[in-house]
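Step one of this worksheet: look at the structure below.
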Amino acid sequence: MGLVKAGKMEALEPLPEDPISRTVLVVGGGIAGLSAALNAAAAGYDVVLVEKQPRLGGFMKGLKQAFPTRAPYTEASADGLAGKLEAAAANPRIKVCCSTRIVKTEGQPGMFEVTMEGEPGESGAPATSVERVGAIVMATGWQPYDASKLGALGYGLPNVITNVELEQMAARGPIARPADGKPAKRVLFLQCAGSRQPEHLAYCSSVCCMTTLKQTEYLRQQDPEAEVFVLYRDIVTPGPYEKYYRKVQDHPLNFFMKGKVSQVAAAADGRIAVSFDSELLGAPMQVTVDLLVLATGMVPNSADGPAIRALRDAQAKLARKESETQCKDAAAVIAEMKHHEGTEILNLAYRQGPDLPVLPGGFPDSKFVCFPYESMRTGIYAAGAVRAPMDRALAEEDAGGAVMKAIQSIELASRGQAVHPRTGDLSYPSFFLQRCTQCKRCTEECPFGSIDEDEKGTPKFNPYRCRRCGICMGACPERIVSFKNYSVDMIASMVKAIEVPDEFEEKPRILVLACENDAYPALDMAGQGRRHYDPSVRIIPMRCLGSMNIVWIADALSRGIDGVLLLGCRFGDDYECHFMRGSELANRRLENVKETLQRLQLESERIHLQQLGMDDYGRLPEIIDEFAARIREIGPNPYKGF
């Protein structure tokens with residue numbers, strides 16, 4: 001098998017040389033965007049910093065104070081924004097574009113062409129400019145959750161406000177009841193207002209508890225005799241912030257109560273009556289206060305409008321369609337959605353849609369555990385609260401990480417190499433377009449938007465977007481996609497080189513196609529642990545299980561191989577696929593294969609896809625042995641000897 005593979009390889013050729021830009025585009029002028037711009041400039045790269053507002057600063061410029069930043073972490077600090085604003089303005093490598101929006105982003109890593117509209121000129125038309133950049137950091141920050149959806153928690157009553165509204169009030173002057181301006185002598189903070197609830201925000205926004213503690217201190221500074229109540233489900237103060245929590249908790253007039261709200265109602269004199277079930281006391285309670293503050297969560301400033309979600313749903317439906325007619329119908333839906341007016345930020349000229357795909361919470365998609373900052377668009381990286389809920393300190397750190405990835409992308413593009421997870425890979429797919437039927441499977445199934453289409457629907461490859469997963473190769477029914485060192489013919493030839501015992505030897509032969517990202521390393525780890533598994537298997541590593549072309553299974557079974565075991569990453573809501581949905585696509589393709597097997601009088605149980613992670617190496621020998629035992633029970637492949 002190894003000799004056949006080597007014989008089928010061709011020498012790699014570098015990508016055609018193109019002028020690679022080493023400029024980094026940073027979208028968003030808040031704390032994360034400023035930090036990203038300053039980090040990139042410090043590393044020697046030019047920066048274009050785009051902000052849609054007239055001034056830089058983002059959400060932080062409206063804060064009275066920030067969380068503690070230095071030991072002993074018991075005092076709120078200045079926001080630290082002024083220094084970054086001055087540094088950005090004075091840095092000759094940073095070009096600041098305020099009151100500017102991006103109207104189009106074309107191209108690929110190393111050669112993005114970004115069209116921007118700024119403030120109107122003398123003619124009254126918006127000033128248009130085009131910047132060529134090598135990579136993009138999206139640091140567009142967050143916005144508060146829409147409190148109008150929290151009527152059940154009292155929002156809409158005169159003296160019920162959000163934590164954001166309280167912060168703005170404190171920055172302007174004294175904290176008072178909005179209805180009549182009277183001092184707020186008794187205040188209740190209601191935590192997780194709309195957070196960690198499937199009907200609102202399913203996630204924890206991470207900063208709400210610290211914001212409440214900080215605002216409790218505002219009230220204490222204003223009126224040492226004020227009574228403050230905090231009704232919480234859990235208090236989240238990670239790391240050194242725990243010390244700040246202990247300080248606030250220890251004050252005798254701060255009352256922390258664990259429970260669940262049952263009712264919020266108006267009381268006499270404009271006060272608010274909050275009824276709740278106390279978990280600590282195991283009894284219903286009620287507190288009447290001058291002011292109720294809802295600790296609302298963070299919503300990412302991403303392209304998460306209804307049209308973007310509809311586009312994502314159409315793409316998901318397309319992945320389940322197989323016939324040419326169905327592909328064309330789904331493609332028509334996607335084409336219609338591409339030009340909608342919604343919440344676009346980058347306005348990508350990609351056939352897969354105008355912005356970064358997002359998770360259900362609205363955060364740009366990535367395999368977070370292995371690849372923080374990554375998105376499903378190569379060379380575009382998310383940073384700060386648009387990527388995940390976080391505070392200022394984490395946003396600054398996050399910006400540094402995203403810039404490092406952006407720089408890596410630029411440098412790899414300058415050498416014609418792929419970014420993660422096949423970092424440094426010089427191969428790239430070629431397309432034998434003379435046999436292309438314009439079925440659009442490669443363009444739809446590519447997770448990273450590497451393939452566009454011309455007017456006739458013929459694939460147009462963007463090599464610098466490609467991450468060399470091979471999913472397009474597995475998707476193509478005509479087998480016109482190949483790499484010089486990884487192709488349909490190569491793997492098929494390896495399968496044909498496998499020695500298959502004849503029907504009289506009474507021992508099976510099993511082909512294992514194993515994803516190189518989790519499954520194949522898990523096999524290595526099992527071997528290092530001296531674990532044994534059935535010797536009837538022959539293993540071929542895949543770049544991604546999504547690169548599996550069903551012709552390999554057909555070749556294997558037609559040669560008399562008794563079973564095919566596919567080992568791929570976990571998929572679904574908690575997916576772990578390094579190429580986003582490769583093993584899921586392989587599983588969908590198998591549905592058609594199993595139908596074909598049944599028509600050929602072959603048991604569908606001869607093929608099995610097993611989801612696993614690298615940490616499953618301990619039970620991997622058991623998985624292989626169980627499949628081998630099942631194949632022995634089914635019996636030999638009737639096509640042996642043909």
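For region 416-443, the set of residues classified as farther than 17 Å from N485 by Cβ and crowded, with 21+ Cβ neighbours inside 10 Å consists of V419, K440, R441, C442, T443, listed by residue number.
Just one of the listed residues (P72, P19, P54, P14) is of a type outside the set (D, E, K, R), over 28 Å from the mean Cα position of the chain (by Cα) and within 20 Å of E113 (Cα to Cα), and it is P19. For region 247-261, the candidate set comprises residues that are in a strand (DSSP E or B) and charged (D, E, K, R); within that set, the residue that is farthest from V160 (Cα to Cα) is K258.
Going by what's in this entry, would L253 be described as free of Cβ contacts under 8 Å to residues at least 60 places away in the same chain, touching a Lys or Arg at 6+ places or on another chain (Cβ under 9 Å) and under 19 Å from A176 (Cα atoms)?
yes
Can you find, within region 444-472, the residue that is surrounded by the fewest Cβ atoms within 10 Å (Cβ to Cβ) among those that are part of a strand (DSSP E or B) and among the hydrophobic types (A, V, I, L, M, F, W, C)? I'd like the intermediate steps shown before the answer.
We begin by selecting, within region 444-472, every residue part of a strand (DSSP E or B); these are 451-453, 459-461.
Going one step further and asking which of them are among the hydrophobic types (A, V, I, L, M, F, W, C), we end up with 451, 461.
Values: I451: 25, F461: 20.
Filtering region 444-472 for residues that are part of a strand (DSSP E or B) and among the hydrophobic types (A, V, I, L, M, F, W, C), the one surrounded by the fewest Cβ atoms within 10 Å (Cβ to Cβ) comes out as F461.
From the list G33, G44, G7, G62, the lone residue that is of a type outside the set (A, V, I, L, M, F, W, C), under 24 Å from C97 (Cβ atoms), over 26 Å from the mean Cα position of the chain (by Cα) and modelled with pLDDT of 95 or more is G44. If you go through region 32-58 and pick out every residue that is in contact with a helix residue (DSSP H, G or I) (Cβ under 8 Å, 6 or more places away or on another chain), over 13 Å from V137 (Cα atoms) and part of a helix (DSSP H, G or I), you end up with 1.
Quick grid of which residues meet (1) under 20 Å from R531 (Cβ atoms); (2) under 37 Å from the mean Cα position of the chain (by Cα); (3) modelled with pLDDT under 85; (4) not in a helix (DSSP H, G or I):
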residue: T596; (1), (2), (3), (4): no, yes, yes, no
residue: A629; (1), (2), (3), (4): yes, no, no, no
residue: P636; (1), (2), (3), (4): no, no, no, yes
residue: G641; (1), (2), (3), (4): no, no, yes, yes
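For region 452-472, filtering for residues that are out of contact with any Asp or Glu (no Cβ under 9 Å at 6 or more places or on another chain) and within 16 Å of M580 (Cα to Cα) leaves 4.
Return the only residue of A406, A418, A382 being under 30 Å from T69 (Cβ atoms), touching a Leu at 6+ places or on another chain (Cβ under 8 Å) and aliphatic (A, V, I, L, M). Spell out how you get there, then give the answer.
Values: A406 fails: touching a Leu at 6+ places or on another chain (Cβ under 8 Å); A418 fails: under 30 Å from T69 (Cβ atoms).
Just a single option satisfies the conditions, and that option is A382.
Take the residues in region 621-642 that are closer than 13 Å to K507 by Cα and of a type in the set (A, V, I, L, M); name whichever of them is surrounded by the most Cβ atoms within 10 Å (Cβ to Cβ). Going through the qualifying residues, I end up with I631. Pairs linking a residue in region 72-96 that is on the phi > 0 side of the Ramachandran plot to a residue that is in a loop (DSSP other than H, G, I, E, B), with Cβ atoms under 6 Å and 6 or more positions apart or on different chains, are Y73/P240.
Scanning region 484-502 for residues that are under 13 Å from R559 (Cβ atoms) and not hydroxyl-bearing (S, T, Y) yields A492, M494, V495, K496, A497, I498, E499, V500, P501, D502.
Within region 272-281, is even one residue outside any helix (DSSP H, G or I), at pLDDT below 85 and among the hydrophobic types (A, V, I, L, M, F, W, C)? Write out each step before concluding.
Of all residues in region 272-281, those outside any helix (DSSP H, G or I) come to 272-281.
Right, trim to at pLDDT below 85 and you get none.
Looking through region 272-281, none of the residues is outside any helix (DSSP H, G or I), at pLDDT below 85 and among the hydrophobic types (A, V, I, L, M, F, W, C).
Just wondering, is there one or more residues in region 296-306 that are outside any loop (DSSP other than H, G, I, E, B), within 30 Å of N462 (Cα to Cα), at pLDDT below 80 and out of contact with any Phe, Trp or Tyr (no Cβ under 9 Å at 6 or more places or on another chain)? Spell out the reasoning first.
Kept after step one, since they are outside any loop (DSSP other than H, G, I, E, B), are these residues of region 296-306: 298-300, 306.
Right, trim to within 30 Å of N462 (Cα to Cα) and you get 300, 306.
Subsequent filtering for residues that are at pLDDT below 80 retains 306.
When the remaining residues are screened for being out of contact with any Phe, Trp or Tyr (no Cβ under 9 Å at 6 or more places or on another chain), the result is 306.
Yes, the conditions are met somewhere in region 296-306.
Go through the residues of region 262-269 one by one and say whether even a single one is in contact with an Asp or Glu (Cβ under 7 Å, 6 or more places away or on another chain) and in a strand (DSSP E or B).
Filtering region 262-269 for residues in contact with an Asp or Glu (Cβ under 7 Å, 6 or more places away or on another chain) gives 262.
With in a strand (DSSP E or B) added as a condition, the list becomes 262.
Yes, region 262-269 has at least one match.
Would you confirm, using the coordinates I've provided, whether L188 is closer than 21 Å to V264 by Cα and in contact with a Gly (Cβ under 9 Å, 6 or more places away or on another chain)? No: the conditions fail for L188.
Restricting to region 2-37, what's the tally of residues that are within 30 Å of K496 (Cα to Cα) and surrounded by fewer than 16 Cβ atoms within 10 Å (Cβ to Cβ)? Show your work before the answer.
Let us first name the residues in region 2-37 that are within 30 Å of K496 (Cα to Cα), namely 2-13.
Next, only the ones that are surrounded by fewer than 16 Cβ atoms within 10 Å (Cβ to Cβ) stay: 2-3, 6-7, 9-13.
Residues that pass the stated criteria total 9.
Determine whether H608 is surrounded by fewer than 21 Cβ atoms within 10 Å (Cβ to Cβ) and of a type outside the set (S, T, Y). So H608 passes the test.
Every condition in (1) crowded, with 17+ Cβ neighbours inside 10 Å; (2) more than 26 Å from the chain's Cα centre (by Cα); (3) of a type in the set (V, I, T) is met by I102 except one, and the failing one is (2).
Results for (1) over 17 Å from the mean Cα position of the chain (by Cα); (2) modelled with pLDDT under 90, shown as yes or no for each residue.
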| residue | (1), (2) |
| --- | --- |
| R351 | yes, yes |
| D355 | no, yes |
| L412 | yes, no |
| Q417 | yes, no |
| P421 | no, yes |
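The one condition from (1) among the basic types (K, R); (2) modelled with pLDDT under 90; (3) over 26 Å from C370 (Cβ atoms) that R581 does not meet is (3).
The values are calculated or read from the model by the stated rules, or taken from the named source; none is laboratory data. A quick note: this is a predicted structure, and the numbers were derived from the prediction, not measured. Every residue, glycine as well, gets a Cβ built from its backbone with ideal geometry; the counts of neighbours run over all protein chains shown.
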